[in-house]
Amino acid sequence: MSIKERFEIPQQYKWTIEDIYASDDAWEQDLLKAKEYASKVAKFNGKISKSSTELLDYLTIGDEISILFDNLVNYAQRRLDEDTRSSKYQGMVARLMSVAVELNSNGSFETPELLSMSNDTLEHFYLQTPKLELYRLYIDRVREKKEHILSESEEKIISMTGKMASSPDTIFSMFNDADLKFPDAIDKDGNHHTLTHGTYSTLRKSSDRVLRKSAFENIFTTYGNFKNTIASVLSAQIEQLTFYSKVRNYNSNLEASLDGNHVPIEVYKNLIDAVHDNMHYMYKYVKLRKKILGLKELHMYDMYVPLVKDSDASIDFDTAKREVEQALSVMGDEYIGIYNSAFTQGWIDVYENVGKCSGAYSAGAKVHPYVLLNYNDTLDSEFTLAHEMGHAIHSYYSNRYQPTVYSDYVIFVAEVASTCNESLLMQYLLKNTNDKLRRAYLINYFLEQFRTTIYRQTMFAEFELKINEIVESGQSLTADTLMDIYADLNKLYFGDDVIIDDHIAMEWSLVPHFYYNFYVYQYATGFSAAISLSKRILNEGKSAVDDYINFLKGGCSKNPVELLKGAGVDMSSSSVISSALELFGELIDELDTLIN
């Protein structure tokens, strides 16, 4: 498997960043405009609590800055992600961050000043300047966090730490995507296979056990060679989270993170408890995997190989695009029209190239969403396409139907739309095959989605909670500590029917989401919610689709738990998780029957 240079990729498979700026020079001109906003913002200091028109003007300028930075960030970061080795775009991102820090510093008076106002004064402002009503919810959300807000001078100091605080994530990204190289994986015949982040996901599914073991050992041995460095970077990430949560008078890093999205702590802890209560399904699946593969010993490098041989057919991008469209047709013509726009209007960057950012994502730019893939002709890649297009269409709806101030949906609901698309794709593929072998393969793939999304991401969430608690208690976070915790969690989550290889203890070191501040749990909650939503869409039709589309249009106009209730899912109850895992158990039994 060889990786092409970017210039070798046909243009039809690249996104059109030019839709944001025609050139780097145009970007530079807007960066100058952004710098000018710093002085404009500073002029409002001391005025927004005294005049309703000054407050409106200030919030309106805030929207202008939001739109401008959306363009600046998406252009520079997307260009950098095309080739993470580019010093030019690394520099552009860094300069933009400096401007953002200056703007945040100059606007640090906003929250203390809004908090200083009485309710009567604010109500008078709304009557005096009716256009302020648009920002009522925004202002209420600021004021409800009064106990976590500092003085104006302290807030200014905090705002100046933004660039420093992002350093662990930046360092890890550069190390992981641009600098780290892996030795080739070797198959049973002695052939070499290029090992990258992108190819690893394919190699670990190989029917050649020697090859997948080689890939597994080579990737984790490489990370292990830098274990102390990576542990220090991750420790720095958690230290800065701990600093902010303590300074802002939160009881924990978890509380500080979830409060930012208006999510109760119980949702996080209910997830872990619900998964622990249903661990027997996971053990049952591991036992079935060992049985089907016919192995005396099941190892961690055996966990991704398909259980049904010769059914992992190559799926080219055009086929994947067509099948995902057919699966999503239940969403109606408007939704499908938006989906098809992605392929005709340059939303998607399809294939891996040398230096390209690993993984996949959707960036909800105002001009239109941008989707990064590293497509490699597998069923997994097809589901990734469905997943990221769920994000993209969610962003499209939110940007179109919500004013700027409420257009960004919070991360708690981010994984719902993406995973709902995946669930609809799976239901479509299962419905449209009569071949028992194919059905068995698809069910196994669905089971893997449950394993890797609910169980694995919850394991990540539990790991993240544990290491945050260690730092919060004043203890040090070393490589050995991280490895011990991670190894023990693997034993808990996988049970006795799999050998917990020593190499797996390094897996924490390659997970970029540990630098996202309690993000991973939302994959599990989002998947569970998506299972419920997809069932409702398929069973109830238009009324359920309308409720779901309204949810996609909601942005952050309501709290996330409330938004999901409007779509028919109550995430305050652990029953959503348990219900999804019951389906997991039923699918395990069906696969066992089909194989027998």
What list of whole percents do you get for P(r) of the stretch 321-479, with Cα-Cα distances grouped in 5 Å bins up to the one holding the largest distance?
2, 8, 14, 18, 17, 14, 12, 8, 4, 2, 1, 0
Just to make sure I understand: if all protein chains stay in place, what is the order of Tyr516, Tyr13 by accessible area at 1.4 Å, largest first?
Tyr516, Tyr13
The stretch 240-260 to the stretch 530-596: how many Å between their Cα centroids?
30
Would you please classify the overall shape of the stretch 270-343 from the alpha carbon gyration tensor, given that a ≥ b ≥ c denote the square roots of the eigenvalues, rounded means a/c under 1.5, and beyond that prolate means a/b larger than b/c while oblate covers the rest?
oblate
Using a 1.4 angstrom probe with every protein chain in place, what is the largest-first accessible-area order of Val142, Val73?
Val73, Val142
Rounded to the nearest 10 Å², the accessible area of Lys269 using a 1.4 Å probe with every protein chain kept is 90
Quick query: amide H of Val354 versus all other amide H atoms, modeled in the peptide plane; which residues come in under 5 Å with a sequence gap of 5 or more or a different chain?
Lys4, Glu5, Arg6
What is the chain by shape, rounded, prolate or oblate, if you read a ≥ b ≥ c off the alpha carbon gyration tensor as root eigenvalues and call it rounded for a/c under 1.5, prolate for a/b larger than b/c, and oblate otherwise?
prolate
Percentage relative contact order, the stretch 49-179, counting C-alpha pairs under 8 Å, at least six apart:
35
With an 8 Å Cα cut-off and a minimum separation of 6 or more residues, compute the relative contact order for the chain in percent.
18
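Explain nothing, just the number: relative contact order of the stretch 361-507, from Cα pairs under 8 Å at least 6 residues apart, as a whole percent. Provide the component values of the computation, followed by the final result.
On the way: 103 pairs, mean separation 21.1, N = 147.
For the stretch 361-507, the relative contact order is 14 percent.
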For the stretch 160-253, give the percent of accessible area contributed by carbon and sulfur heavy atoms, probe 1.4 Å, rounded to a whole number.
54
Give me the accessible area of Glu102, 1.4 Å probe, in Å² rounded to the nearest 10.
90
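Take the alpha carbon gyration tensor of the stretch 408-509, find the square roots of its eigenvalues, order them as a ≥ b ≥ c, and report rounded if a/c is under 1.5; if not, report prolate when a/b exceeds b/c, else oblate. Before the final figure, lay out each step's value.
Details: a/c = 4.24, a/b = 1.67, b/c = 2.54.
Judged from the Cα gyration tensor, the stretch 408-509 comes out oblate (a/c at least 1.5, b/c at or above a/b).
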Size of electric dipole in the stretch 477-542: Cβ of Lys, Arg +1 and of Asp, Glu -1, about Cα centre, debye, nearest 20:
720
Using DSSP H assignments, which helices in the chain have an axial alpha-carbon span of 27 Å or above and a mean Kyte-Doolittle hydropathy of 0.5 or higher?
411-431, 575-595
With all distinct Cα pairs included, what does the Kirkwood hydrodynamic radius of the stretch 349-393 come out to in Å, to one decimal, could you say?
10.8
Project the alpha carbons of the stretch 14-62 onto their principal axes and report the range along each, largest first, in whole Å.
49, 18, 12
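Where does the charge balance sit around Glu472 when Lys and Arg score +1, Asp and Glu -1, over other residues with C-beta under 11 Å from its C-beta?
Details: positive: Lys246, Lys466; negative: Glu239, Glu255, Glu469.
Summing Lys and Arg as +1 and Asp and Glu as -1 gives -1.
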Output row, site Met160, 7 Å Cα→C-beta label point, backbone N cut-off 12 Å, window the stretch 87-120, residues 102, 105-106
Using only protein heavy atoms and a 1.4 Å probe, report how much of Asp120 is accessible, in Å² to the nearest 10.
120
The stretch 394-464 versus the stretch 139-192: alpha-carbon centroid distance in Å:
24
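The values are calculated or read from the model by the stated rules, or taken from the named source; none is laboratory data. Keep in mind it's a predicted model, so treat the numbers as computed, not measured. Cβ atoms come from the backbone with ideal geometry, glycine included; neighbour counts cover every protein chain shown. Accessible surface is based on the protein model in full, side chains and every heavy atom, while ligands, DNA and RNA are left aside. Shrake-Rupley method; radii C 1.70, N 1.55, O 1.52, S 1.80 Å.
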